[in-house]
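Since the structure comes first, as structure tokens, the remarks are kept for the end.
The values are calculated or read from the model by the stated rules, or taken from the named source; none is laboratory data. In this text, all values refer to a predicted model and were calculated from it rather than measured experimentally. Note that we place each Cβ from the backbone using ideal geometry, even for glycine, and neighbour counts take in every protein chain shown. The accessibility values were calculated without ligands, DNA or RNA, using every heavy atom of the protein model including side chains. Shrake-Rupley method; radii C 1.70, N 1.55, O 1.52, S 1.80 Å.
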Amino acid sequence: MLDATLPEGAPVVVDVGCGDGALVRHLARRGATAIGVEIGAEPLARARAHTPVGDERYEHGGAQALPLDDASADAVVFSNSLHHVPGELLDTALAEAARVLRPGGLLYVQEPVAEGPYFELLRPIDDETAVRAAAHAAIGRADAHGLRHEREERFDADVVHPDFASFRDRVVLADAERAAAFEGLESALSAQFEATAERTDDGAYRFRHPMRVDVLRRVS
């Protein structure tokens with residue numbers, strides 16, 4: 001869905017909360033000038049350790065203070081990351097996205113919905129019901145920052161892990177504080193992981209993950 005929404009040609013695209021840079025590398029492969037912004041030291045190190053695939057780079061920073069110039073991007077993307085911004089900084093983060101976008105630039109926000117088997121698996125570790133609702137509410141206020149809401153779409157994403165260890169690694173990479181939550185829960189979570197996943201033909205574990213996408217545009 002993101003690929004079909006982005007401008008054609010070689011746009012400058014900023015991935016806020018880029019994690020290990022998987023999306024940044026995808027964008028670079030399709031011809032974008034891709035900039036990943038990440039506040040976490042470990043995911044940023046993993047992103048920078050990858051061999052470049054195109055025109056990409058990574059910057060250290062948070063959504064509330066993007067290390068980028070005014071009107072320097074054609075698109076800003078929050079891919080499953082806006083709800084990780086502290087609640088008191090959500091409006092600032094959207095204002096920052098508007099600041100770095102060129103007039104007419106695109107803001108693409110993909111957020112997981114608080115339902116489905118993957119959400120229930122994550123819930124004992126970190127119940128994100130409230131923070132996901134807060135992120136969605138902030139999008140509803142984005143017009144105050146010069147961002148016009150164009151549309152909302154929903155779809156089911158597939159999250160695939162080769163094993164439980166991969167699931168644990170991804171969850172902790174997104175928020176290092178979750179590591180402590182796994183203590184004492186790992187056995188029960190492993191059993192739930194096995195019981196609720198769909199198995200793929202190659203033996204991996206697949207979960208349905210409902211998503212909401214909001215597409216906004218900087219008006220001037």
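Being assigned to a strand (DSSP E or B), in contact (Cβ under 8 Å) with a residue 40 or more places away in the chain, open to solvent by 50 Å² or more (accessible area, probe 1.4 Å) and among the charged types (D, E, K, R) is true for just one of E120, E150. Which residue is that?
Values: E120 fails: assigned to a strand (DSSP E or B).
Answer to the selection: E150.
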Within segment 19-36, residues open to solvent by 10 Å² or more (accessible area, probe 1.4 Å) and part of a loop (DSSP other than H, G, I, E, B) come out as G19, D20, R30, G31
Discussion item. Regarding segment 92-103, can at least one residue be identified that is touching a helix residue (DSSP H, G or I) at 6+ places or on another chain (Cβ under 7 Å), open to solvent by less than 20 Å² (accessible area, probe 1.4 Å), assigned to a helix (DSSP H, G or I) and free of Cβ contacts under 8 Å to residues at least 60 places away in the same chain?
Written reply: yes
Filtering segment 60-91 down to residues that are open to solvent by 10 Å² or more (accessible area, probe 1.4 Å) and part of a strand (DSSP E or B) yields H60, D74, S79
D214 meets each of (1) of a type in the set (D, E); (2) in contact with a His (Cβ under 9 Å, 6 or more places away or on another chain); (3) more than 28 Å from V109 (Cα to Cα) with one exception, condition (3)
Scanning segment 37-59 for residues that are open to solvent by 80 Å² or more (accessible area, probe 1.4 Å) and among the β-branched types (V, I, T), the one farthest from V85 (Cα to Cα) turns out to be T51
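Quick check on my filter: what residues within segment 126-182 are β-branched (V, I, T), in contact with a helix residue (DSSP H, G or I) (Cβ under 6 Å, 6 or more places away or on another chain) and closer than 24 Å to A97 by Cα? If you could, list the steps in order and put the result at the bottom.
Keep residues of segment 126-182 that are β-branched (V, I, T), which gives 129, 131, 139, 159-160, 171-172.
Subset that is in contact with a helix residue (DSSP H, G or I) (Cβ under 6 Å, 6 or more places away or on another chain): 131, 159, 171-172.
Scanning segment 126-182 gives a single hit, V131.
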Being closer than 15 Å to P124 by Cα, touching a His at 6+ places or on another chain (Cβ under 9 Å) and either in a helix (DSSP H, G or I) or of a type in the set (F, W, Y) (or both) narrows F207, F167 down to just F167
